[in-house]
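A quick write-up on the structure given underneath.
The values are calculated or read from the model by the stated rules, or taken from the named source; none is laboratory data. Everything quoted here is computed from the prediction, not taken from an experiment. Note that each Cβ is placed from the backbone with ideal geometry, even for glycine, and that neighbours are counted across all protein chains shown. Heavy atoms of the whole protein, side chains included, go into the accessibility calculation; ligands, DNA and RNA do not. Shrake-Rupley method; radii C 1.70, N 1.55, O 1.52, S 1.80 Å.
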Amino acid sequence: MRTGQSTPAATHLIKIAVQAALGLRPKMQIFGTDYPTPDGTCIRDYIHVMDLARAHIDALRYLRRGGQSVTLNCGYGRGASVHEVIEAVKRISGVNFSVETATRRPGDAASLVAASERVRTVLGWRPQFDNLDVIVRHALEWEKILMSRRIKTAI
């Protein structure tokens, strides 16, 4: 795995959960468990960084061929809840890290899922990593690489 999020103070759920699983965070929080969703937690359309990068490359090709400027949503067209993501990270990492519930954050929508039909039609974009377990596994691998780099730098 050669790509992933390198932001140290990231606020993205998968990165936070992976860091908790690897002991880089003492715990993680779920902000709200009373949303009108099947398990009460927010739902988001998580996209693999490589699929997002491929969409950008496809967009550049489209524009270079003379395509008009257009706004397109990138995603898989379905979401996973906060609980589902946490359970995937726990299952794949084999670590039962600490999770606390907290109150909702202002402005958080119950569900945000991309309508991606247009990006598929206009750009011919076809995702290759449309699987939460794959996304989590790759995020774990990436975070381990970052950890090893920090250790090597500290020596």
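Please compute the per residue accessible area over the chain with all protein chains in place, 1.4 Å probe, rounded to a whole number of Å².
60
What do you reckon, how do Val89, Val49 stack up by accessible area (1.4 Å probe), largest on top?
Val49, Val89
Considering only protein heavy atoms, what is the solvent-accessible area of Tyr46 at a probe of 1.4 Å, reported in Å² to the nearest 10?
50
Given R₀ = 30 Å, FRET efficiency for Gln29-His56 by Cβ-Cβ distance, to 0.05?
Once the sixth-power term is evaluated, E becomes 0.45.
Answer with a single label: of [x] 52; [y] 43; [z] 38, which was calculated as percent of Cα pairs over 21 Å apart from the structure in view?
The calculated read-out lines up with [x].
Does the stretch 103-142 come out rounded, prolate or oblate, given a ≥ b ≥ c as the square roots of the eigenvalues of its C-alpha gyration tensor, rounded meaning a/c under 1.5 and, failing that, prolate meaning a/b above b/c?
Since a/c reaches 1.5 but b/c is at least a/b, the shape of the stretch 103-142 is classed as oblate.
Specify the longest stretch of the chain that does not include any exposed loop site, a site being one of the trypsin sites (Lys or Arg not before Pro) with a non-H, G, I, E, B DSSP assignment and at most 10 other Cβ atoms within 10 Å. Before the final figure, lay out each step's value.
Details: sites that count: Arg2, Lys27, Arg65.
The longest uninterrupted stretch comes out as 66-155.
Which value, in Å² and to the nearest 10, is the accessible area of Thr101 when all protein chains are kept and the probe is 1.4 Å?
We get 100 Å² for Thr101.
Positive end of the dipole of the stretch 29-95, charges at C-beta (+1 Lys, Arg; -1 Asp, Glu), about the Cα centre: which of Met50, Leu60, Val85 has its Cα farthest in that direction?
It is Leu60.
Would you mind telling me the share, in percent, of accessible area of the chain contributed by carbon and sulfur at probe 1.4 angstrom?
Ligands and nucleic acids excluded, carbon and sulfur give 53 percent.
Mind checking which aspartates and glutamates have their Cα closer than 12 Å to the Cα of Lys90? Skip sequence neighbours fewer than 8 apart in that chain.
Asp133
Using a 1.4 Å probe, how large is the accessible area of Met50, given in Å² and rounded to the nearest 10?
Counting only protein heavy atoms, Met50 exposes about 80 Å² to solvent.
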